[in-house]
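One structure below.
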Amino acid sequence: MLYSLKITAYPTGTNTVCDDVIAPRVFAMVSVFDADVTTNPNFSCTGRDISVVCRQSTEMGMQFEGHVVWITGATSGLGREMALEFARRGAYVVPTGRRANRLDEVCAEISDISNAPKSESMPTALGMTLDVTDDIAVAQTADAIVERFGRLDIVIANAGFGVAGTIESLSADQWRRQLDTNVIGLTSTIRYALPYLKKTTGRIALISSVMGMLTVPNNGAYAASKYAVRAIGQTLSMELNGTGVSCTTIYPGFVESEIGRVDNSGVFHPDKRDKRPAKLLWPTDKAARVMVDAIARRKRDFVFTAHGKMGGWFGRHMPGLLYLALRKKPRKQAS
């Protein structure tokens, strides 16, 4: 197969880093077609430049060709966009979630854009309804995926939601719902997937949050669940050393999603106002791309968005300063 490259060239001396290779004077957004390699005649481009770009484009376009990817919480937001991104990169995708109608929509989108090898026996997408708080159902889902596809290469524990309220106001049931989904459901997913991942030297991704490095008033339950995910990820990375299975814990900052319109019972309200700062929200598709890149590189930890990195740094290194900035101000007593 030959490649058609759309190349944007920069002046001599400008270096653009392509993963672990520095390609002088050239950066490319590449599409793969049955055509000749073309370049802009107004700029010079060495054979090495083109070879680097071809290598990078091939890795990006089909780096997960034939891999089987299971993503929980894939009916919306980051889960949905990661499902689409993996499909573009050649993977067979198994999106799971509680809303069957949404799963049908996601699977249809995947089928339209998938670069996975076409096969009558292997669907490009297989949606399966799943509530990760049902331990038996999680085990059955893992087994069903391998029975259908013959393997499992990547599992992304993404299912989760946020319970809001002061520590004083939250009930025991609200705490259980938060931890059952965000922590226990996550560990169940990993526990039942791991025997299959060890056979393929696969990848695990745990979706935490910058709130796994800091907390703010009225978000203690959610932050506690994401701190737990951070600890689980750190522990898994140590326990899996030498097995060939990697664990990437991801800490997103503010990203466009439905989480701000989900109530404390996990029910989505489309008319509810998302109170997060709109100007700081990353587009979901952009977030999915950098997350899949981090999983591909088997990074142990990945924090993204500029404000997310800054908040995480302060949470880990200057928690006292955050306390002073975010603590609840005492009410003035009436004279």
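Bear in mind that the values in this text are calculations on the coordinates, not laboratory data. Since we're looking at a predicted model, the values are computed, not measured. Cβ: placed from backbone, ideal geometry, glycine included. Neighbour counts: every protein chain shown.
See the values below:
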| read-out | value |
| --- | --- |
| Exposure proxy ranking, count of Cβ atoms within 10 Å, fewest first, for E256, E109, E81 | E109, E256, E81 |
| Entries of K199/K286; K286/K329; K118/K299; K198/K226; K299/K329 with Cα pairs more than 28 Å apart | K199/K286; K286/K329; K118/K299; K299/K329 |
| E168, E105 arranged by Cβ crowding within 10 Å, fewest neighbours leading | E168, E105 |
| Approximate spin-label separation K198-V216, in nm, with each point projected 7 Å along Cα-to-Cβ | 4.2 nm |
| Exposure proxy ranking, count of Cβ atoms within 10 Å, fewest first, for M122, M128 | M122, M128 |
